[in-house]
Amino acid sequence: MGDSYIILKTTALKNGSLRHDIHYWIGKDTSQDESGTAAILTVELDAALGGRAVQYREIQGNETDKFLSYFRPCIMPQPGGVASGFKHVEVNEQEHETRLYVCTGNHVVHVPFARSSLNHDDIFILDTKSKIFQFNGSNSSIQERAKALEVVQYIKDTFHEGKCEVAAVEDGRLMADAEAGEFWGFFGGFAPLPRRAPVEDNEKYEETVFKLLCFNQGKLEPINYESLLHELLKTNKTTSLQERKSASEAAEKLLSDDNRTKTHVIKVIEGFETVMFKSKFKEWPQTPDLKLSSEDGRGKVAALLKRQGLNVKGLMKAAPAKEEPQAYIDCTGSLQVWRINDKDKILLPSADQSKFYTGDCYIFQYMYPGDDKEECLIGSWFGKKSIEEDRVTAISLASKMVESAKFQAVQTRLYEGKEPIQFFVIFQSFQVFKGGLSSGYKKFIAENGIDDDTYLEDGLALFRIQGSGPENMQAIQVDAAASSLNSSYSYILHDGNTVFTWTGNLTTSLDQEVVERQLDIIKPNSQSRSQKEGSETDQFWSLLGGKSEYPSQKIGRANESDPHLFSCILPKVHIALRIKEIYHFTQDDLMTEDVFILDCHSDIFVWVGQQVDVKVRLQALDIGEKFVKLDFLMENLSSETPIFVIMEGSEPTFFTRFFTWDSAKSLMHGNSYQRKLSIVKGGGSPALDKPKRRTPAYSGRSTVQDKSQRSRSMSFSPERVRVRGRSPAFTALAANFESANSRNLSTPPPVVKKLYPKSATPDSSSAPSKSSATASLTGSFDRPKSVKDGSELEKPKQEEDAKEGINTMTSRVESLTINEDVKENEPEDDEGLPVYPYDRLITTAADPVTEIDVTRRETYLSSAEFKDKFGMTKEAFSKLPKWKQNRMKIALQLF
């Protein structure tokens, strides 16, 4: 408390740059000279790092949320100081000092050990020699109580070596309760607490009134303005280091003169302004982000720390190369698609379910194997020229499907041209045609005198071909004109039976392969003529209406940025959505009573806790839409940004990858306070001892099908490993939304479950170690990995199917990482696996082997028989790409 500190936080961003945040913390007993020195040294540190850091002034007891996020669950400043004659407080195991702490928001403060310190509004922690008590004020919230338990766990681990009892005391509970009686005994017995009168804050602010002052020649000069505009800032002025130091001193003096003890001071540099700063202005122009290169930044940080005698080994490692976006979703599930027509939906046959029209709206449902149950994704897709009435109908019907699934399906809203990678790998081959088929679209163009340009197989059409390969490729119909061409893409042009393929000079061999595959779908029985950019025939240009200029730059898509988590203060009628950012978030920040938004720019995720009211759950998509319009991070979010609504307990891997995720946590019952209390106490109440996995309402049977029933639907290529079909589980759900005569019952059932590893953050393996108890509370709940399904919805048949068809292989699953592409190139460790003959392992076996992992049949072959069948060793096979492995397994009936 008698010292000042400087904290440097350096973060590597996804765009390859480094962000520096410098905080100088001032203890309440720090001298004025020392606090002033801390401010000046912070400016010098910023200059040493290139002058791009954001600087924060932190006052003890009034720290910013960002600062406190570095020291979770709390900071507990100690009396004394290094430069003073005071002695530091040392933990004496023989003489434990009873202490009382108050938890207010994110702050934990040591208060006098007296009854007068207690009140009804806050949460108090009484730390005694043998027991820690948490006293919950009657006006405190469940979320505040849950957060306070993290502090209790910290005290238990830090000052008691994890070996003391924990008791919870509710405000108003009388002496009849043994733990409450023991608590009040430390205060001389129970007595009612007085109601605290509202305390007036000495500092009064006008929330909507701002002052702008210019530091000029050593003086602060106020700037008069009618509207706070960006133009008021002089961006052409270069400030010296001395001027920045003087401005910092002037800011300190301004606060001192006005006795503003709780005001935060944040210093920003042009081009690196914070969202909070920019939001104060009426408008802030969109400017390209300036960035400090990783190498430059690392070098400066390393040099600075080296001068301080610190080890900088490893700091100068190069930043990882930019990776292609990954889908993080199993692509072997079953897909169903409906087109919206006249306030209803029409089920599309499997042959047409990947053929969309830009004037129509669609609903799709994708069911796929998750880690331990069947997952479901329900989405609506809006064509660029679709009408508003069809969009409203699509959202309404999709929401009813989610509600029917008891909100345990993920819901998404997508716009044409803004689809996420998950959408494309689900459909794999996807086509968008001009025009529309819905009656609403036809009526709209007729009433507005718009020509009907709906695609005709025998007409003139030009398609841009895009994608990363056979499992992710699209054909988008564009205007049949030369200006639609682009050197970075390949195209298909047809007029009746005349077919051309055109390849731009910047395309790859993979792009050309994708063109051939799309040609099999768009014009399967026609001979095509190849055209290369620069050597086209006259007939080709004639069909396009003659030559013209066209671009060569690839069409850009929104890149995924560093994720930001926000808690939502749910709006009432006609009240704007209010949100609060949570810095350095973890899974524990997702409270079951609240709604949270994860913003990674390219996608928006709305997470809804199990304890959230049903009416709010129904508004989750609207909350996401309001967040997009709000654009809190001022990142120029598109109104068509994909939105995913996710219910607690049904989190998909493409969401959990942003966390160090423990799925057992979301399976616990009770509110967030009850869940954490059971962990802190070490035993838990009977209601929480055995968390039961919630079984989806639509999961009528195991995803494992009888071997004789398995089949595959090859929609465009015998090499394509894909299943398209309707599972019985889905049929039960869809029965409410379609008539019996419209069902497509000829499609095959889904493939067996594909084992995927648990998700983890890239740096989870190198996370700092904690005590087991603290780690279980603030990181993961350490619940058993093999939690049995106990829902009353589950049928005994499910248990039999699971025993017959699914080998949990817990040790193997836990040994995997989220990056399957890395693992697939490493030899499998088959030690301990039994060996079976080939004729018993194939999918059509008369006497099939049971109790095996059916997704890895080939691993149960002996080394000799494996080499005989595959023509190579197991090690050589493991080094092949996954798609090639699957193709060989299909040919041998082992897939």
Grab the alpha carbons of segment 141-185, take their convex hull, and tell me the volume per residue in Å³. 74 Å³
Check: segment 624-674 dipole with +1 on Lys, Arg Cβ and -1 on Asp, Glu Cβ, in debye: 100 debye
Pair-distance profile P(r), taking every C-alpha pair of segment 619-679, with 10 angstrom steps and integer %: 17, 34, 33, 15, 1
Counting only heavy atoms of protein chains, what accessible area per residue, in Å², does segment 1-156 have with a probe of 1.4 Å? 43 Å²
Work out the P(r) tail for segment 491-606: percent of alpha carbon pairs separated by more than 24 Å, whole number. 55 percent
Would you compute the Debye intensity of segment 564-682 from its alpha-carbon atoms alone, equal scatterers and no solvent, and pass along log10 I(q)/I(0) at q = 0.10, 0.14, 0.17, 0.20 Å⁻¹ to two decimals? -0.30, -0.58, -0.85, -1.15
Efficiency by 1/(1 + (r/R0)^6): what FRET value for D257 and S130, r their Cβ-Cβ distance, R0 = 30 Å, to the nearest 0.05? 0.05
How big is the convex hull of the Cα atoms of segment 93-186, per residue, in Å³? 93 Å³
Simple spin-label estimate for A250 and N525 in nanometres, 7 Å along Cα-Cβ: 8.2 nm
The answer for the per residue Cα convex hull volume of segment 540-590, in Å³, is 229 Å³
Please report the antiparallel percentage of DSSP beta bridges with both residues in segment 93-186, rounded to the nearest 5. 70 percent
Values of log10 I(q)/I(0), in the order q = 0.18, 0.19, 0.21, 0.26 Å⁻¹, for segment 559-628 under a Debye, Cα-only, solvent-free model: -0.66, -0.74, -0.90, -1.30
How would you rank 223-236, 332-345, highest first, on the average number of other Cβ atoms within 10 Å across their residues? 332-345, 223-236
With a Förster distance of 45 angstrom and the Cβ-Cβ distance between L506 and Y225, calculated FRET efficiency to the nearest 0.05 equals 0.35
Percent RCO, i.e. relative contact order, over segment 93-186, from Cα pairs under 8 Å lying at least 6 residues apart: 22 percent
Given a 1.4 Å probe, how much area per residue of segment 838-892 is accessible, in Å²? 50 Å²
Over all distinct Cα pairs, what is the inverse of the mean 1/r for segment 346-426, reported as the Kirkwood hydrodynamic radius in Å? 13.4 Å
Kirkwood Rh over Cα pairs of segment 357-497 into Stokes-Einstein at 10 °C, 1.306 mPa s: D in µm²/s? 95 µm²/s
Sticking with the crude label model, points 7 Å out along Cα→Cβ, report the distance from H110 to T873 in nm, one decimal please. 6.4 nm
Considering only Cα-Cα distances, which of the following residue pairs are longer than 20 Å: K278/K629; K219/K245; K385/K523? K385/K523
Chain lengthening between K547 and N62 when straightened (0.36 nm per residue, less Cα-Cα): 167.9 nm
What FRET efficiency do you get for S535 and R557 if R0 is 35 Å and r is their Cβ-Cβ distance, rounded to the nearest 0.05? 0.70
In nm, spacing of pseudo-spin labels at K211 and F71 (7 Å Cα→C-beta vector): 3.1 nm
Can you tell me what the convex hull of the Cα atoms of segment 838-892 projects to on average, as an area in nm²? 3.7 nm²
Under a 1.4 Å probe, counting only protein heavy atoms, C361 has an accessible area in Å², nearest 10, of 0 Å²
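The values are calculated or read from the model by the stated rules, or taken from the named source; none is laboratory data. Since the structure is predicted, the reported quantities are computational estimates derived from the model, not experimental observations. Here Cβ is always computed from backbone atoms with ideal geometry, including for glycine, and neighbour counts include all displayed protein chains. All accessible areas refer to the heavy atoms of the entire protein, side chains included, with ligands and DNA or RNA removed. Shrake-Rupley method; radii C 1.70, N 1.55, O 1.52, S 1.80 Å.
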